[in-house]
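Peer 1: Before anything else, here's the structure in question.
Throughout, read-outs are computed from the coordinates displayed, never taken from laboratory work. Remember, predicted model here, so these are calculated numbers, not experimental data. Cβ atoms come from the backbone with ideal geometry, glycine included; neighbour counts cover every protein chain shown.
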Amino acid sequence: MKRRVVITGVGAVTPLGVGAEPLLRRWAAGESGIVDGEGASRDYVAKEHLSVKEARRADRFAQLAMVASDEAIAQAWGEEKPYETERIGCILATGIGGLESLEGQHDNLRDKGEKAVSPLSVPLFMVNAGAAALSMRHDLRGPSFAVGSACAAGGHAIGTSLRMIQMGEADAVVTGGAEATLTPLSRASFKAAGALSPSGISRPFDKDRDGFVMGEGAGILVLEDAEKAEARGATVLGEILGYATTSDAYHITATEPDGTYAARALAQAIAEAGLTPEQIDYVNAHGTSTELNDAAETAAIKRVFGEAAKGVPISSTKSAIGHLLGAAGAVEAIVTLLALNAKTIPPTLGLKEPGEGLDLDYVPGAARPLAPRNGKPKAVSNSFGFGGHNVVLCLEGTA
């Protein structure tokens, strides 16, 4: 029998603040963390959370992950782990890794020569640096590695952790995603690709949407074997009911226009949860504010939900914090869970008039109450990444 997997701790650092709590509260209140066209985690100050040595030895993306992990683990376990360290895994996603460090060291090499390059350079910018930092920080000696699948990476990390516990390879996994790529090269690269919003406004599903807004942050979840968590009297925040992933195999950056394989992932995740689309109370959309993604995601939802599509509320976290790339799926899973437990559906900010063919309920303007249709509240969280990666998580709250 496949093991059930529950969530017992969450932590976040986002453009809406340090901590998971302000993420939902401020978004639901209609606040945006996007300033001057970017979603920077401005409230994060390294010296307030890390020692000088810890900060010096970690790129910003790993720093954000460490702070988010401290919050998640404190909520789940406090100071004493309930399992042997060898039975606790650590899987952290990132789309790009330590780009800030990589660019900085390249500048040193170009401007000052080889002797100016730090001996810490590789440990700073390698993509598994975040996972390594968390495993060492919290003495996690089970399976530990990084996941990199662009904007789907956070969802993949959570899904991989789910499977690891279901297969009995771990009793618990600290998982999620982190990204900090608000750098000159990153900005120029996404701009050259035509992906960034020239207006600097994130307005998913709107007729005037013109590209995504870059953001940074981290989201960490503690997943546990449900039977073991319940046996120790843990406070359970929710359960992962289903997970599915597919590939468009279509284009390195563009979404498959009909949303065929995104729809397949959506249908499979709902089916694994033992649910029908009519039993889903909320969809946290990938919702990037790009013309193609929003149209393809809408098509995928219609394909799976059929007549029920117009009755399910849909909103995009990226409207409030921008696109956190490899951290997006984890942060969005966290805020989806919080929304379920608060029985609140946050709004899609910036949406004034839906684009052509975008005729679903995207929750414009203001948050609204969530009324569960079938017992505990249930939602899906979508993540789609460059490379054609599709990930869907099906979550259940406790309220």
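Peer 1: What's the center-to-center distance, using Cα atoms, between region 309-369 and region 102-145 in Å?
Peer 2: If we compute the Cα centre of each part, the gap is 34 Å.
Peer 1: Sticking with this structure for a sec: Suppose every Lys and Arg Cβ carries +1 and every Asp and Glu Cβ carries -1, with no other charges. What dipole size does region 114-204 come out with about its Cα centre, to the nearest 20 debye?
Peer 2: 340 debye
Peer 1: Go through GLY259, GLN279, LEU324 and say which Cα lies farthest out towards the positive end of the charge dipole of region 242-396; charges sit on Cβ, +1 for Lys and Arg, -1 for Asp and Glu.
Peer 2: Selected residue: GLN279.
Peer 1: Now a separate question. Which residue, chosen from ALA129, VAL10, THR181, occupies the Cα position most advanced towards the positive end of the dipole of region 5-231, where the dipole is computed from +1 (Lys, Arg) and -1 (Asp, Glu) charges on Cβ about the Cα centre?
Peer 2: Comparing the listed Cα positions along the dipole, THR181 ranks first.
Peer 1: Any idea which of PRO347, ALA28, ILE240 is furthest toward the positive side of the dipole for the chain, if Lys and Arg beta-carbons carry +1 and Asp and Glu beta-carbons -1?
Peer 2: ILE240
Peer 1: Return the inverse of the average 1/r over all pairs of distinct C-alpha atoms in region 1-136, which is the Kirkwood hydrodynamic radius, in Å to one decimal.
Peer 2: 17.0 Å
Peer 1: Among VAL52, VAL174, VAL283, which one shows the highest mean-square fluctuation when the chain is modelled as a Gaussian network with alpha-carbon springs under 10 Å?
Peer 2: Maximum among the listed residues: VAL52.
Peer 1: Another question about this same structure. Just to check I understand the Karplus step: with θ = phi - 60° and J = 6.51 cos²θ - 1.76 cosθ + 1.60, what whole-Hz values come out for region 2-15, glycine and proline as x?
Peer 2: 5, 5, 7, 10, 10, 9, 10, x, 9, x, 8, 10, 9, x
Peer 1: About the Cα centre, and with charges only on the beta carbon of Lys, Arg (+1) and Asp, Glu (-1), how big is the dipole of region 290-391? Nearest 20 debye, please.
Peer 2: The dipole of region 290-391 has a size of about 520 debye.
Peer 1: Using C-alpha positions alone, give me the convex hull volume of the chain per residue in cubic angstrom.
Peer 2: It comes to 127 Å³ per residue, whole-number rounded.
Peer 1: Moving to a separate point now. Quick one: dipole size for the chain, taken about the Cα centre, charges +1 on Lys/Arg Cβ and -1 on Asp/Glu Cβ, in debye to the nearest 20.
Peer 2: Using only the charged Cβ atoms, the result is roughly 240 debye.
Peer 1: Now a separate question. Mind computing the radius of gyration and Dmax over the alpha-carbon atoms of region 5-231? Å is fine for both.
Peer 2: 18.2, 59
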